[in-house]
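Student: Got a structure for you, questions after.
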Amino acid sequence: MRLFAIIAALACATAASAQDYPARPINIIVPAAAGGPTDAISRITAQAMGKILGQQITIENAGGAGGTIGTGRVVRADPDGYTLLIYHVGLSTAATLYRKLAYDTKSAFAAIGLVTEAPMTIIGRPGLPPDTLKELVAYLKGAGATTTLANAGIGSASHLCGMLLTSQLQLTLTTVPYRGTGPVMNDLIGKQVDMTCDQATNTTGPILSKQVKAYAITTKSRLNSLPDLPTADEAGLKGFELAVWHGVFAPRGTPPAVVQKLSAALTGALKDPDLVKRFREISTEPMPADKATPAAAQQKLASEIDRWAPIIKAAGEYAD
Ligand code: ASP
């Protein structure tokens with residue numbers, strides 16, 4: 001009888017806390033450095049969700065080891081809706097690249113929803129000799145064989161994009177890992193590294209202000225925000241296409257009522273005119289409402305893990 005009373009009391013407390021949720025600020029861990037594209041997407045999304053939830057949402061950057069450090073912190077956090085993750089395709093590649101991960105990515109989360117799918121751009125430092133993608137390819141195969149290619153660590157989106165590029169061109173470049181592509185952009189503009197491949201959400205501004213050289217966009221068609229930039233396919237890299245999905249995730253075990261509230265806040269946030277405007281300014285679009293759901297995000301995560309696993313295993317190159 002006593003046990004029953006305790007269980008009933010606990011159930012009531014959970015229901016009450018889900019009803020009151022969120023009663024205090026929410027912390028979103030972004031496993032990439034401040035000032036980069038995932039950071040930008042996360043801050044815009046957090047602000048719009050916070051407005052709807054009537055609570056402040058803070059962003060904590062925890063980059064490193066291809067996002068697995070920050071992701072691990074969310075996996076281990078209390079599943080109470082007060083610690084969340086915003087990350088991208090790197091979640092699914094890390095699941096295979098890091099063989100010693102302390103969590104099973106497919107089952108570690110209660111997904112909240114997808115946020116956006118951002119195109120990537122192939123860019124170079126100011127003064128890099130080539131002006132076009134065609135010239136860049138010739139340069140990398142000749143005088144530019146020592147060119148450095150920066151990324152946000154093994155499994156990051158920039159790493160994936162660089163791998164696709166070098167494998168399609170059959171070249172080896174020296175890669176330089178960072179904790180996120182915010183710092184990469186500073187070093188690219190400062191000419192400490194030569195090239196990177198990064199989400200347009202980080203590169204649109206520097207491309208438009210000519211602080212970096214832009215060679216191609218990785219979408220099927222050109223972007224309205226960067227109309228002069230050819231697609232990789234148009235510029236000679238046949239079939240080269242890559243978009244970076246981002247999603248919001250909570251630790252597994254988060255109460256369904258909290259997941260529901262967060263998901264409704266995300267769906268509402270993605271319709272917020274201010275969010276839509278700010279996303280468009282950085283060359284991306286909010287996910288349509290049917291993809292901003294827990295089921296769609298869970299499905300995307302699982303299918304992306306299955307998609308990348310055989311490719312990574314065939315390459316046989318792991319992060320650990
Ligand atoms: N763009 C980065 C990546 O390559 C991450 C970031 O800093 O947002 O995954």
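Student: Go through (1) open to solvent by 20 Å² or more (accessible area, probe 1.4 Å); (2) under 26 Å from VAL193 (Cα atoms) and name the single condition SER107 misses.
Tutor: Only one criterion is unmet by SER107, namely (2).
Student: I want to confirm something. Restricting to the range 277-294 and keeping residues that are among the aliphatic types (A, V, I, L, M) and touching a residue at least 24 places away in the same chain (Cβ under 8 Å), which single residue is surrounded by the most Cβ atoms within 10 Å (Cβ to Cβ)?
Tutor: Per the stated criteria, the residue is ALA292.
Student: Of everything in the range 144-195, what is near the ligand (Cβ under 8 Å from one of its atoms) and closer than 17 Å to ALA235 by Cβ? Give them in sequence order.
Tutor: CYS161, the sole residue that qualifies.
Student: Kindly provide the set of residues from the range 51-64 that are within 12 Å of the ligand (Cβ to nearest atom) and in contact (Cβ under 8 Å) with a residue 40 or more places away in the chain, ordered by number.
Tutor: Hits for the range 51-64 are ASN61, GLY63, GLY64.
Student: It is to be established whether one or more residues within the range 225-241 are in contact (Cβ under 8 Å) with a residue 24 or more places away in the chain and touching a Gly at 6+ places or on another chain (Cβ under 6 Å).
Tutor: No, that holds for no residue.
Student: Moving on to the next point. Quick one: which of LEU133, LEU169 is touching a strand residue (DSSP E or B) at 6+ places or on another chain (Cβ under 6 Å) and either touching a residue at least 60 places away in the same chain (Cβ under 8 Å) or of a type outside the set (Ser, Thr, Tyr) (or both)?
Tutor: LEU133
Student: I've got another one for you. Just to be sure before I move on: is ILE123 within 16 Å of the ligand (Cβ to nearest atom), in contact with a Lys or Arg (Cβ under 8 Å, 6 or more places away or on another chain) and open to solvent by 10 Å² or more (accessible area, probe 1.4 Å) in the structure I sent?
Tutor: no
Student: Also, quick follow-up: Being assigned to a strand (DSSP E or B), among the hydrophobic types (A, V, I, L, M, F, W, C), open to solvent by 20 Å² or more (accessible area, probe 1.4 Å) and modelled with pLDDT of 95 or more is the filter here; which residues of the range 190-243 pass it?
Tutor: ALA214
Student: Which one is nearest to the ligand (Cβ to nearest atom), of the residues in the range 21-50 that are more than 14 Å from the chain's Cα centre (by Cα) and in a helix (DSSP H, G or I)?
Tutor: So, considering only residues that are more than 14 Å from the chain's Cα centre (by Cα) and in a helix (DSSP H, G or I), the one nearest to the ligand (Cβ to nearest atom) is ALA46.
Here is a yes/no grid of residues against (1) of a type outside the set (D, E, K, R); (2) at pLDDT 95 or above; (3) under 23 Å from ALA309 (Cα atoms):
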{"site": "ILE28", "(1), (2), (3)": "yes, yes, no"}
{"site": "ILE52", "(1), (2), (3)": "yes, yes, no"}
{"site": "GLY64", "(1), (2), (3)": "yes, no, yes"}
{"site": "PRO79", "(1), (2), (3)": "yes, yes, no"}
{"site": "HIS88", "(1), (2), (3)": "yes, yes, yes"}
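The values are calculated or read from the model by the stated rules, or taken from the named source; none is laboratory data. All values reported here derive from a predicted model rather than from experimental measurement. No Cβ is skipped: glycine too gets one built from the backbone with ideal geometry, and neighbour counts run over all protein chains shown. SASA here: full protein model, heavy atoms, side chains in, ligands and nucleic acids out. Shrake-Rupley method; radii C 1.70, N 1.55, O 1.52, S 1.80 Å.
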